[in-house]
Amino acid sequence: MNKIATVIMTLPSGAGNKALSLCLSASASVIIRGTIDPESGSKISLYAITQNFDSLCATGQADTNGRFVLKPTLPYNGFYVLANESGLKHGIYLKDGKQLTVKYSNERLEVTGGLSAEEKNFASWAAKSAQTFLHAYLFNYIPGGKTVDPAKFAQEMKTLKQTASGLKQLLKGKGQKADLLSLKIDADLAFFMLAYRKNHIGDVDENFISKADLQAYDQLFRKTAILQLPYAPEMLASYIDYKAEKQAIKPENYLQRAELLSDQPLREAYLYQIARQLRYYEKYTALRQSLGELPLSTALQNALKPIEEQLAWSKPGQTAIDFKGVRPDGSTLSLSDLRGKVVVVDVWATWCAPCIRMIPHFKRLEQELSHPDLTFLSVCIGVWVETDRWKKLIQQHQLSGNLIFIDSWTKGFAPDYHVTGVPRFMIIDREGRMVSFAAPAPTHPELKEMILNALK
C-alpha cells in the first residue's frame, strides 16, 4: 500500500539555476495522473523553475469526474510546481521516468502513488511542515484560511525544528538530492518565521526573530541554490522585507532593497516577485524607473513583459468606469455626477483599522486643498449589515461631503477597479480620466503634489 504524502503548497514562484547533475535531456518525461476537486477548478498546469522564473511544461483539463493526466517533458530532476487556474501552486519533486498519482485541492497536494523509498523523505518533510506553512503564510491566499496565535505558532515551530533536525541528520552525506532537500528544510523554517512575523506584525515582539536566527538567515539567503526551490522569490521577498525594515529602507526603494542580496540571480528573483505582486501600471512604471541603469538579464526582461501587458488596463489617462453608491440619507451619488471636477477617492471598509487611521489625514487634506474644481469622495465597500457601523464612523469622525456606501466586493466598483485590498486612493481628472489608480496615502506629500498637478 502506498503511503500518502502531503506536498507543500506554494503561490506563484520561480527561480533556479540547476546543478548539472540535476539536469536531464529534453527527452526526459514523467506521467502524473490525478484528481482535482471541483472547488479548485478543472485546469491543472505544471511549471518548471528555469532561468529564475516559472516556465510552463504541461497543461491538462480534468474530466467531469475531476480526473486529469499530465505527460510533461522535464528539463531537469528537481522541484516543480503544480498550479490550478486560480494560481495556487504546490511544490512537487519530479525525476525522469516517474509515474505519480496525485490528489489536488486548494489546500494541499497529496501524492498517493509512485513514491520510491528515497522520495519518502521529501514527502515526510512536506507532510509535517504543511500546517505550519499554512498558518504562517498561505492562510492569506486560501478562502476561509485561518492562522494561529503566536504562542501556538511558536510551539508548532519548536516541534517542526525537532523534526527537521532528525531528518537532516538522516540526509547527511546522501548526495546532491539529499543536500537539496536539506537546503529546502532550512529555507522553509526561515520562511515560516519571516512570513508569520510579517503577517502578524502587531502580535509579535521585537525578539520574535532572534539575532542568531537572523545571522543564519543572512548566510542562507546568500546561496544561489535557493533558486532551485519552489517558492524562492517569496522567501527572498520576506527576508528583504525584514532586513529593509530594520534598516529603514522604504518599500518604494526597490533598488536599495534588491542590493541587500549578494548576487544578481538572487536580486532578479526578488525583483520578479515584487513585479508580479503589483496591481497597477503606475506601480510597475515606478519599479522600472527606480532600477535606473541596473542591467537586467534577458530572462528577467522576458519575464517582465507579460506582467507589463497584464497591467496595461490601468495605464493613467483611461476613462474612469462610472460607479454609484448610497449616501447616508439614502439618496444615491455617481462618479459621473462629479464630472468637471478633479475627484480624489478614498476607498475603505468599516473593519479596516489602517483605513480608519487614514480618515483624519484624508479629512485634513480636504480642508487644506479647498478649490472650486476639486472634490473628495469617500467610498466605503462592504455589505448592508455594515451600514450602521459606517454611519457611526461618519458621526464619530465628523465626516461630511461626498460619502457613499457600495454593497458589493464581487461586482461593479471593486472588480472594475481591481480593489483587492484597502485603504486605496485614486485621482480622477475633470474629464473623467484616471490620473492614478493607486495614489499615495494622504500621509505622503506626493498625494498633495499629484492633486495640485491635476488641477493645473
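Keeping to segment 214-254, report how many residues are in contact (Cβ under 8 Å) with a residue 24 or more places away in the chain, aliphatic (A, V, I, L, M) and within 27 Å of TYR284 (Cβ to Cβ).
Final tally of qualifying residues: 8.
Does PHE425 count as within 19 Å of MET450 (Cβ to Cβ) and either in the same structural domain as ASP346 (by TED's automatic domain parsing) or outside any loop (DSSP other than H, G, I, E, B) (or both)?
Taking the combined requirement at face value, the residue satisfies it.
Report yes if ARG357 is touching a Leu at 6+ places or on another chain (Cβ under 7 Å) and of a type in the set (Lys, Arg), otherwise no. First the steps, then the outcome.
Values: touching a Leu at 6+ places or on another chain (Cβ under 7 Å): no; of a type in the set (Lys, Arg): yes.
So ARG357 does not fit the description; no.
A quick yes/no check of all residues on (1) in contact with a helix residue (DSSP H, G or I) (Cβ under 7 Å, 6 or more places away or on another chain); (2) of a type in the set (Ser, Thr, Tyr); (3) within 21 Å of LYS89 (Cβ to Cβ):
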site: LYS174; (1), (2), (3): no, no, no
site: ALA178; (1), (2), (3): yes, no, no
site: LEU194; (1), (2), (3): yes, no, yes
site: ASN199; (1), (2), (3): yes, no, yes
site: LYS211; (1), (2), (3): no, no, no
site: GLN215; (1), (2), (3): no, no, no
site: THR224; (1), (2), (3): yes, yes, no
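Which numbered condition in (1) assigned to a helix (DSSP H, G or I); (2) modelled with pLDDT under 90; (3) more than 21 Å from the chain's Cα centre (by Cα) is the only one that GLU293 fails?
In the conditions (1) assigned to a helix (DSSP H, G or I); (2) modelled with pLDDT under 90; (3) more than 21 Å from the chain's Cα centre (by Cα), GLU293 misses (1) alone.
Kindly establish whether ASP188 is in a helix (DSSP H, G or I) and either in contact with a helix residue (DSSP H, G or I) (Cβ under 9 Å, 6 or more places away or on another chain) or buried (at least 20 other Cβ atoms within 10 Å of the Cβ) (or both).
Yes, satisfied.
Is there a residue being of a type in the set (Lys, Arg) and more than 25 Å from the chain's Cα centre (by Cα) anywhere in segment 351-359? Don't jump to the end; show me each part of the working.
So in segment 351-359, the residues of a type in the set (Lys, Arg) come out as 357.
Imposing the further condition that a residue be more than 25 Å from the chain's Cα centre (by Cα) reduces the set to none.
No: segment 351-359 contains no residue that is of a type in the set (Lys, Arg) and more than 25 Å from the chain's Cα centre (by Cα).
LEU399 passes all but one of (1) hydrophobic (A, V, I, L, M, F, W, C); (2) assigned to a helix (DSSP H, G or I); (3) out of contact with any Phe, Trp or Tyr (no Cβ under 8 Å at 6 or more places or on another chain); which number fails?
(2)
Please state which of the following conditions LEU369 fails to meet, knowing it meets all the rest: (1) of a type outside the set (D, E, K, R); (2) surrounded by 12 or more Cβ atoms within 10 Å (Cβ to Cβ); (3) not assigned by TED's automatic domain parsing to the domain that holds GLY412.
All conditions pass for LEU369, except number (3).
Looking at LYS315, is it without any contact (Cβ under 8 Å) to a residue 24 or more places away in the chain and within 22 Å of the chain's Cα centre (by Cα)?
no
Considering only residues that are of a type in the set (Lys, Arg) and over 24 Å from GLN176 (Cβ atoms), look in segment 101-138 and name the one that is modelled with the highest pLDDT.
Taking the candidates together, the pick is LYS103.
Which of the numbered conditions does SER165 fail, given that it passes all the others? Conditions: (1) assigned to a helix (DSSP H, G or I); (2) of a type in the set (Gly, Ala, Ser); (3) surrounded by 14 or more Cβ atoms within 10 Å (Cβ to Cβ).
Failing condition for SER165: (3).
Given PHE376, PHE405, which one is within 20 Å of LEU447 (Cβ to Cβ), surrounded by 17 or more Cβ atoms within 10 Å (Cβ to Cβ) and modelled with pLDDT of 95 or more?
PHE376
From the residues in segment 89-140 that are closer than 29 Å to ARG197 by Cα and charged (D, E, K, R), which one is surrounded by the fewest Cβ atoms within 10 Å (Cβ to Cβ)?
Applying the filter and picking the extreme gives LYS128.
Would you call GLU110 of a type in the set (Asp, Glu) and within 22 Å of ALA232 (Cβ to Cβ)?
It is false that GLU110 is of a type in the set (Asp, Glu) and within 22 Å of ALA232 (Cβ to Cβ).
Identify the single condition in (1) over 24 Å from VAL326 (Cβ atoms); (2) over 26 Å from the mean Cα position of the chain (by Cα); (3) buried (at least 19 other Cβ atoms within 10 Å of the Cβ) that LEU447 does not satisfy, given that it satisfies every other one.
Condition not satisfied by LEU447: (2).
Given the structure, is ASP179 buried (at least 18 other Cβ atoms within 10 Å of the Cβ) and acidic (Asp, Glu)?
No; evaluated as a whole, the condition is false for this residue.
Of the conditions (1) under 14 Å from the mean Cα position of the chain (by Cα); (2) free of Cβ contacts under 8 Å to residues at least 60 places away in the same chain; (3) not assigned by TED's automatic domain parsing to the domain that holds LYS172, TYR284 fails just one. Which one is it?
Of the numbered conditions (1) under 14 Å from the mean Cα position of the chain (by Cα); (2) free of Cβ contacts under 8 Å to residues at least 60 places away in the same chain; (3) not assigned by TED's automatic domain parsing to the domain that holds LYS172, the odd one out for TYR284 is (1).
Please work out which residue is nearest to GLY317 (Cα to Cα), limiting yourself to segment 402-422 and to residues that are part of a loop (DSSP other than H, G, I, E, B) and polar (S, T, N, Q).
Of everything passing the filter in segment 402-422, THR420 is nearest to GLY317 (Cα to Cα).
Within segment 100-121, count every residue that is touching a residue at least 12 places away in the same chain (Cβ under 8 Å) and over 25 Å from ASN140 (Cα atoms). If you could, list the steps in order and put the result at the bottom.
Narrowing segment 100-121 to residues touching a residue at least 12 places away in the same chain (Cβ under 8 Å): 100-115, 118-121.
Adding the requirement that they be over 25 Å from ASN140 (Cα atoms) leaves 100-101, 112-115, 118-121.
Summing the residues that are touching a residue at least 12 places away in the same chain (Cβ under 8 Å) and over 25 Å from ASN140 (Cα atoms) in segment 100-121 gives 10.
The values are calculated or read from the model by the stated rules, or taken from the named source; none is laboratory data. Keep in mind it's a predicted model, so treat the numbers as computed, not measured. Cβ coordinates were reconstructed from backbone atoms using ideal geometry, including for glycine residues, and neighbour counts include every protein chain displayed.
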